[in-house]
Structure formats: structure tokens, C-alpha cells
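Notes follow once the structure below has been shown.
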Amino acid sequence: MSIQHYSGWNVIRSGFGGPERWRPAWRNPEPKSRYDVVIIGGGGHGLATAYYLSRTYGIKNIAVLEKGWIGGGNTGRNTTVIRSNYYYRESADLYDFSIKLYEGLSKELNYNVMFSQRGMIALAHSKHDLDSMQRWVGAMGLNGVDTEIIGREEIARRVPILDMSAHARYPVLGGFMQKRAGTARHDAVAWGYARAADSLGVDIIQQCEVTGFRRDADGSISGVETSRGFIGSRKVALAVAGHSTELANKAGFRLPVTSYALQAFVTEPLKPVLDTVVLSLATGVYLSQSDKGGLVIGGSLDLYPSYAQRGNIPTVRSVLGAVAEQYPSLGRVRFLRQWAGIVDIVTDSSPILGATPVPGLLINCGWGTGGFKAIPAGGTLLAHHIATGEPHPLARPFSLERFSTGALIDEAAGSGIAH
Amino acid sequence: MLLISCPWCGPREELEFRCGGESHIQRPGPCESVSDERWSDYLFTRKNPKGLHYERWLHAFGCRRWFNVARHTATHRIEAVYAMHEPAPIHLEQGNVL
């Protein structure tokens, strides 16, 4: 008899019966010729969309098409930080909704996504940083997101490895903390959604690249051309992050998106030295320590548009230089890996959600450097739009139309995103 | 690390430069006849190709002059450096095997 439910009891049981009693977490089906909904992109957002479509709206005949392997793009390349400390109400509502979904996610998916609300501290290195933080924290309070200004002593207590000395290259004047922020295991989020969606009958088709779109005489979508043949569907959704422009062009429209490489780094495992997430506004560098002990480090974008998932040495040098300055005891720590994901940067650093100029084709893109934290929300909102034909109230302000109406949600300026 | 040949200073490390994004974008006009959609295109819509990209660069820590670069966005290979007033060297795209 095979085991599908994950529990402590079943781990013990399979310990006696042998590991072959575990079933694969998802199937590897051949694509059918037609689906009710086709989702392009087997990252977190695409898989979550398929899951919520099936669970909440009862749609059964769904395919997720993935060019490579699921969770192999930005979902598997980010630094796993989850937070909702944004400036504008639209963003606060969106990202806080996502945190709330993350809080119940392991239980809902029966898959441990290791969501750890270890808090996040943003450091102020100047009087100006501190002033803008006051404004930022005030705005978040009005929007119902609980964050608080914390002083030097509290920061020194929470982050003992930080250089707080009078001669520090980046002096610390204070900071603010969101206690509900934290990290989750990124692969587990993709795998958890994949397993749950698959068990509801969603076909997850890997190694299947979309090469074009087929449209009816009236312009509406009738299916996608793929490396594994034509797949018909009247409802198609795009969730492909850095490659959104490419696919949009194939479908016949353009996007206000530029793709950049964003790098991340992980060190050799260390004993516990850091139990929260720390972000430095001046250097754009943030780090946390994984449960395995590796320090997970992220920084600012590479300096020019790129589709190369490897990153450039000058950015490596500036990010790691800042880490060595701010955390002198880490100066000799060795690195295990460095990589880059291709992120879809939009001028106002807010996502693009909803309808496209092509009838039947919806989009979820523009999350830029922060898509991982929004996976449960992105999936819920896109599923809502596909199933009901109307944008979810939380998604409405993030439409593609905002670029011509001028109603931008400028988090690039509002919450000090470093690009 | 890119080695960028500034037309005035010669080859220098990428750290001395700043990328100014897509080049050859024409401001539409006259302004009273430009629709909101067209204006939005001008301000925000970008080609963002996976392939050859014609972009503006500034030699920020050098001569502080602007020039154009034709660069492949997946390999980062620089195919041409040309002056701001020159047209894009589109002939490069045909022989571009990538």
C-alpha cells in the first residue's frame, strides 16, 4: 500500500515498511490536446494559481506548462524573505494578505514550507534613513501593518554580529522591525503547491516550452504552440517573471518590463549567529541564516539589463564587501554557491496583474525582486480572475492600464526599493 | 566584468560606466496630439529583448559622455559601440547566432 499523506506517524510507519511505500509527490503526465485553463510557468505563482483554481473554484482540467523544471527559476533562486513592509495601502493589503496565507500554508498543503516568522530588521545608517523610516512606519501603521521603530540597543541585542562601533563604516542609528516577517523554504513552496495541485488533478508538464500562441479571428486566444505540440485552451495565464516580455511579444503585445539579473549567495554552514533577517538600506544588502546554517545573502540588482542567470562580478564584490564591512566576523567565511535569477523590473516596482490586450490571456508579472513573498497571494488573485472573469479586488489597482492612466503605485520611491 | 570601449577614453572596466537603458527612443509629439497610450509607451514600454540590445551608456567616472552600445543580453557580448547620433547597427542582428 502506498502512502500519500505526510505526517510524523507515516514517517515512522514507512521506516518499518521501506521507503518504496512513498508515492512520487506528483505525476509526470503527457500533455492532453485541450485544457480548460493553461498556465504558463511552473514557478510558485503558476503552481499556486493552478492549486487555487482547482481547490477554490473547482476547475479540474488544468495544465501548468514549464520550460525547464518546476521551481527552477526565481522560485528556486530567491533569498526566501517574506515581508509586507510596503508604503502604499494597495501594496500593504496585497503583501499582508500573502503573509496571512503563508501562515496557514504548511497545514493547508500538508507540506512543511518551513515558514519561520523570525522578524526582519531594516537598519538606518543616517539621520535621513531614520527620518524616512519614521514616515514609512507611520504609513504602515495606518495601513494596518504592524512594524515598529527600534533603537540601537535593541538592534545590538538582536544582531550581535553587526558592527555597531563608533568607527563602523556603516554606523547604525536605529532601525525598524516587522516581527511577522520571516523566511520559508523556497523549494518546499513550489513542491508543496505542485503536490497539492497534482492531487486535485492538475497536469504539471515539465520540459514543455511555449513557442507561440494561436488566436481566433476575433483575436482571442485559442491555444499555445509548445515544444511538445499544440495545446488548445480558451483561458491562458502567463506567470513567467523575467521572461514575460518574450512571451508577451509572441502573443502580440508589449510590456513596461525590463529584465535584470538579481544575485544571491549562500555561505558554508555556520553555528547559529543570526536569528532574524537584516536589511541595510544604504547598501541594499540583506541576510538571514538558514536552518542548515548557511548565511543567505542578497543585494542589489546587476547594473544593466540581462537574461544571464549567473550575475556579474562587480555586483558580487560590492555586495560581499558590504557584508564584510557590516559583519566583520564573517569576513573569512567561505561561500558555497552564487547564482542569479532574472527579475522583471517595472518602473514603479509593483506587479502587473490581470488582463492583457489579448482576450483570454491574463498575466501575473512585474514582481521584480520580491515575487517569492507574494506567491500565495499571486496565485489566489490570478485564479480568481481566471475563474470569475473579473479581477480580485486586491489585484484591481495593479492592472496593466495603470501605465496609461498614470495611477502608478510607486513603491520604488515609497518603500525605498533599491532600484 | 565587461570591458567597454569608450569612444573617447578607450577600453575601461564596467565599474566606470552607468547603463542608461534602451536607446533610440523618440519622444512623440506634438504633445496635444499624443494619446495617453502612446505617451505611456514612450515612458514605460521597453523592448527588453533576449538578444541584441541597443542601449545608452554614460562614462560616469571618466569623460562623462554618453554613447550607444549594442550588447547581447544573454551573453553580455558587446557587438558595437557607436555615437549617440548614429542609427542602430541592425545589420548585426542577422549574423547573430544565439
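The values are calculated or read from the model by the stated rules, or taken from the named source; none is laboratory data. Quick caveat, the model's predicted, so the values are computed rather than measured. All Cβ positions, even for glycine, are placed from backbone atoms using ideal geometry, and neighbour counts span all protein chains on display. The protein model used for the area step is the full one, side chains on, heavy atoms only, and it has no ligands, DNA or RNA in it. Shrake-Rupley method; radii C 1.70, N 1.55, O 1.52, S 1.80 Å.
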Exercise. How big is the charge dipole of chain A about its Cα centre, in debye rounded to the nearest 20, if each Lys and Arg gets +1 on its Cβ and each Asp and Glu gets -1 on its Cβ?
Worked result: 900 debye
Exercise. Most mobile of B:79, B:16, B:37 per a Gaussian network model of chain B (Cα springs, under 10 Å)?
Worked result: B:37
Problem set entry | Candidate aspartates and glutamates - alpha carbon under 16 Å from residue A:250, same-chain residues fewer than 8 apart omitted | A:209, A:216, A:225
Exercise. Share of the protein assembly as shown's accessible area from carbon and sulfur, percent, 1.4 Å?
Worked result: 53 percent
Problem set entry | Residue with peak Gaussian network fluctuation, chain A [Cα springs, cutoff 10 Å], from A:234, A:185, A:169 | A:169
For this session: Between the alpha-carbon centers of segment B:12-73 and segment A:311-338, tell me the distance in whole angstrom.
Result: 31 Å
Exercise. Once the mean 1/r over all distinct Cα pairs of the protein assembly as shown is inverted, what Kirkwood radius in angstroms do you read off?
Worked result: 24.3 Å
Exercise. Say the cut-off is 18 Å between C-alpha atoms; which of A:107/A:179; A:67/A:107; A:100/A:373 go over it?
Worked result: A:107/A:179; A:67/A:107
Problem set entry | Anchor residue A:292: aspartates and glutamates whose Cα lies under 19 Å away (excluding residues fewer than 8 positions away in-chain) | A:187, A:268, A:275
For this session: Could you grab the Rg to Rh ratio for segment A:176-231? Cα atoms only, Kirkwood for Rh.
Result: 1.23
Problem set entry | Dipole moment magnitude, nearest 20 debye, segment A:132-226 about Cα centre, only Lys, Arg, Asp, Glu C-beta charged | 580 debye
Exercise. At a 1.4 Å probe, which residues in segment A:206-250 are at least 20 Å² less accessible with all protein chains present than in their chain isolated?
Worked result: A:245, A:246
For this session: Rounded to whole Å and sorted largest first, list the principal axis extents of the Cα atoms in chain B.
Result: 44, 34, 21
Problem set entry | For segment A:233-355, projected area of the alpha-carbon convex hull averaged over all directions, nm² | 9.7 nm²
For this session: Can you find, among B:40, A:364, A:294, the residue farthest towards the positive end of the dipole of the protein assembly as shown? Put +1 on the C-beta of Lys and Arg, -1 on that of Asp and Glu.
Result: A:294
For this session: May I ask you to find the residues of segment A:326-363 that are shielded by at least 10 Å² of accessible area once the whole protein assembly is considered instead of their isolated chain (probe 1.4 Å)?
Result: A:347
Exercise. Based on the Cα coordinates of segment A:1-70, what is the per residue volume of their convex hull in Å³?
Worked result: 132 Å³
Exercise. Calculated from DSSP H runs of 4 or more alone, at -39500 (n - 2.57) each and per residue, what is the 222 nm mean residue ellipticity of chain A, nearest 500?
Worked result: -9000 deg cm²/dmol
Exercise. Measuring with a 1.4 Å probe in the full set of protein chains, what accessible area per residue, in whole Å², belongs to segment A:322-419?
Worked result: 36 Å²
Exercise. Within 10 Å of each Cβ of A:299-308, how many other protein chain Cβ atoms are there on average?
Worked result: 6
Exercise. Over the Cα atoms of segment A:55-165, what Rg and Dmax result, in angstrom?
Worked result: 18.5, 60
Exercise. Chains A and B: what accessible area do they bury, summed, in square angstrom to the nearest 100, with a 1.4 Å probe?
Worked result: 2100 Å²
Problem set entry | Å² per residue, accessible surface of segment B:1-81 at 1.4 Å | 54 Å²
Seminar exercise, completed: Buried by partner chains in segment B:38-56 (accessible area down by at least 20 Å² vs chain alone, 1.4 Å probe, heavy atoms, protein only) are B:40, B:44, B:45, B:46, B:47, B:48, B:50
Seminar exercise, completed: Connecting every pair of Cα atoms under 10 Å apart in chain A and solving the GNM, the largest mean-square fluctuation among A:68, A:42, A:298 falls on A:68
Seminar exercise, completed: Note to self: C-alpha centroids of segment A:177-203 and segment A:344-395 sit apart, in Å, by 18 Å
Problem set entry | Reach of residue B:50 by Cα under 15 Å, taken over aspartates and glutamates that are not fewer than 8 positions away in the same chain | A:246, A:344, B:22, B:79, B:93
Seminar exercise, completed: Result for the protein assembly as shown, cysteines with no Cys Cβ partner under 4.7 Å, is A:208, A:365, B:19, B:31, B:63
For this session: With +1 on each Lys and Arg Cβ and -1 on each Asp and Glu Cβ, and nothing else charged, work out how big the dipole of segment A:38-124 is about its Cα centre, in Debye to the nearest 20.
Result: 140 debye
Exercise. Solvent-accessible area per residue for segment A:7-128 at a 1.4 Å probe radius, Å²?
Worked result: 44 Å²
Exercise. Looking at the P(r) of segment A:343-386, how many percent of alpha-carbon pairs lie beyond 11 Å?
Worked result: 65 percent
